[in-house]
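The values are calculated or read from the model by the stated rules, or taken from the named source; none is laboratory data. This one's a predicted model, so the numbers in the text were calculated from it and none came from an experiment. Quick reminder, even Gly has a Cβ in these numbers, built from the backbone with ideal geometry, and neighbours come from all protein chains shown. Ligands, DNA and RNA are excluded from the accessible area calculation, which covers all protein heavy atoms including side chains. Shrake-Rupley method; radii C 1.70, N 1.55, O 1.52, S 1.80 Å.
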Amino acid sequence: MEAVIDPRRGRDTPAARLRIDLKWVILGVCVAVVAYLAVIPLGFLLWQSFFTPHTAAKPAEFTLGNYAAAYSSLETAKLFFNSVVFAVGTAAFSLGVGTALAWMNERTNTPFKRLFFGLAMVPLIIPGILFTISWIMLASPKIGIFNLLLQHWLGTDTVFFNVYTLWGMIWVDGLHYSPMAFLLMTAAFRSMDPALEESAAMSGASLGQVVWRITLALSWPAVFATLLILFVRAIESFEVPALLGMPAGIFVFTSAIYEAIHRYPSQIGLASAYGVTLLLLTSAGVWFQSRLSASGHRYSTVTGKGFRPRRIDLGRWRYLAAAIFIAYFLLIVAAPLFVLVWSSIQKYYSVPSAAALANLTLDPYRFILNHPTFLRAIWNSLLLCLGSATLIMLVTSVICWMVVKTKIPGRWLLDNLASLPIVFPGLVLGLSIMVFYLNVNVGIYGTIWILLLAYVTRFMPYGIRYNTASMVQIHKELEESAAMSGASWASTFVRVVLPLLKPGLLAGWIYIAIVSLRELSSSILLYSPGTEVVSIMIWELWENGQYVELSALGVMLIVLLFAMVMLAQLVGSRFGVREA
């Protein structure tokens, strides 16, 4: 430890040594936590993929049998094909829909654009499991409202829609991720200088030529980056492959991992081999995205010269554009919410009709409120979402301070470690944590604390991004002034740095709390009786065939999430979260 001179006494003091020790203790603990959360699960996932399961009768043995079983059959080739087709199809469909809507919203004079922008954000709040279940109720061959209504009106038994196909999976997951594409492409179009588009139009280019040869060409980095993000999100998706693919015998890597774990006997090694493959696929997508971001300057059109985007006058076609927005809103918001609300007030699931109005009841809500798991699931969900959001934002604030404000050698490695879990699909993360704590008994397996560890690990990269964005805006002279006034590092960090980080801290905390509340994929392998969360309760109700009851619980969860978003907006208007 370096000698620290007290400016008043000219020599070391115990207080000065204590301040130095406290600083490095805090920094060291945060580094150890990040390394533990990010590296340990990955290491044990790789380890388990090369070993046989440890049992009371036989110790674990090194083997290549897991990879041989995973990659030596034609079923694995089919699994890889299904996974890639599903992910690419979902990403392409989401990108096409999101880009078209973003262009109409930012580049044209489509009416009611601000309203449509707000409505397009609603599906981001709806949990994936509820969105998928709602589309089963809408487009299932047997119980789907669309099919039953058309069959009744046309007097035929023809199945018009079937979500239990690979294309049905792409449709549902693509719709669910399309608001993400809409947001990302809206940001790209909003920051693009329209001068080149105007020049092309003045040279006689048609609207289609301007869009294809100028607008999309200039936004190519954003298009490709969005496609990669959507690909990673789709290939790690669990709800759609589990609810739509598994009943139809269409397996992708996430559903194959789940199925391998729930076989008897459980094949953890095989699931780990599948998990390593899925991890490599997501890592490749994230790597390509980072490489693209590094070379994006070649497509820059915004310079120091100011500009004001001009809207393209669509004439009478603007009403068609508005109609497209309305149809999109009906597909992703109105229809799913309607079918969930309708199902939640029925004695048993039935198609909306005049006769079904006689079956209206609130019994499903009474069933949920009196369910022995309900209050415990609500408590567990709130504990996990509040706890994980608080821990993540506090730990990552210290990590970001080390990365941004210090010159500690290897700090870039710390940043990469904290961001590493972003390549972990939720199901693979749950599997790796399960493998680790099955082999290292520290008393948390089967408790709610293992879920908290999973949530903190899974969402830690988002805390890093939010805190980094705010940390780079804080000038070091503020900390230097506090230090010259005699403040310790801890006092400076708590009284100077954290208050200035408040917009980023609150924005990140709100986002992580919301996504934690609806998380399923990293919970499905880790929960046990007594540690159920709301998403797990919905899953179990679905497996039991209790459709009206799960609809009631789903409506209650969506209302809770909407309330959290409204509270977030209220907090944002007060503390500047919107600007962050």
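What the table shows:
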quantity	calculated
Checking T110 against (1) in contact (Cβ under 8 Å) with a residue 40 or more places away in the chain; (2) in a helix (DSSP H, G or I); (3) crowded, with 21+ Cβ neighbours inside 10 Å, the condition it does not meet	(2)
Residues of segment 44-53 satisfying the condition of being closer than 15 Å to Y274 by Cα and out of contact with any strand residue (DSSP E or B) (no Cβ under 9 Å at 6 or more places or on another chain)	F44, L45, L46, W47, Q48, S49
The listed residue being in contact (Cβ under 8 Å) with a residue 60 or more places away in the chain, assigned to a helix (DSSP H, G or I) and surrounded by fewer than 16 Cβ atoms within 10 Å (Cβ to Cβ), out of L101, L138, L149	L149
Verdict on G249 being over 28 Å from F62 (Cα atoms) and out of contact with any Ser or Thr (no Cβ under 8 Å at 6 or more places or on another chain)	yes
Selection count, segment 415-445, where residues are in contact (Cβ under 8 Å) with a residue 60 or more places away in the chain, open to solvent by less than 50 Å² (accessible area, probe 1.4 Å) and not hydrophobic (A, V, I, L, M, F, W, C)	5
Residues within segment 513-549 that are open to solvent by less than 40 Å² (accessible area, probe 1.4 Å) and acidic (D, E), tallied	3
Identity of the residue in segment 342-358, part of a helix (DSSP H, G or I) and surrounded by 15 or more Cβ atoms within 10 Å (Cβ to Cβ), that ends up modelled with the lowest pLDDT	A356
Cross-chain or 6+ apart pairs with Cβ under 6 Å, segment 239-250 first and open to solvent by 40 Å² or more (accessible area, probe 1.4 Å), then assigned to a helix (DSSP H, G or I) and not hydrophobic (A, V, I, L, M, F, W, C)	M246/S255
Test: residue in segment 542-550 that is aliphatic (A, V, I, L, M), touching a strand residue (DSSP E or B) at 6+ places or on another chain (Cβ under 7 Å) and over 21 Å from G446 (Cα atoms)	yes
Helices (runs of 4 or more DSSP H) (entirely within segment 230-337) containing at least 1 residues that are at pLDDT below 85 and farther than 20 Å from I524 by Cβ	268-294, 317-329
Top-ranked residue of segment 56-75 - restricted to ones that are at pLDDT below 80 and open to solvent by less than 70 Å² (accessible area, probe 1.4 Å), ranked as farthest from Y437 (Cα to Cα)	S73
Which listed residue is open to solvent by 50 Å² or more (accessible area, probe 1.4 Å) and under 19 Å from the mean Cα position of the chain (by Cα), from W509, W412, W449	W509
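Conditions (1) among the aromatic types (F, W, Y); (2) over 24 Å from F238 (Cα atoms); (3) open to solvent by less than 50 Å² (accessible area, probe 1.4 Å); (4) modelled with pLDDT under 75, marked per residue:
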site	(1), (2), (3), (4)
P7	no, yes, no, yes
V33	no, yes, no, no
Y36	yes, yes, no, no
S83	no, no, yes, no
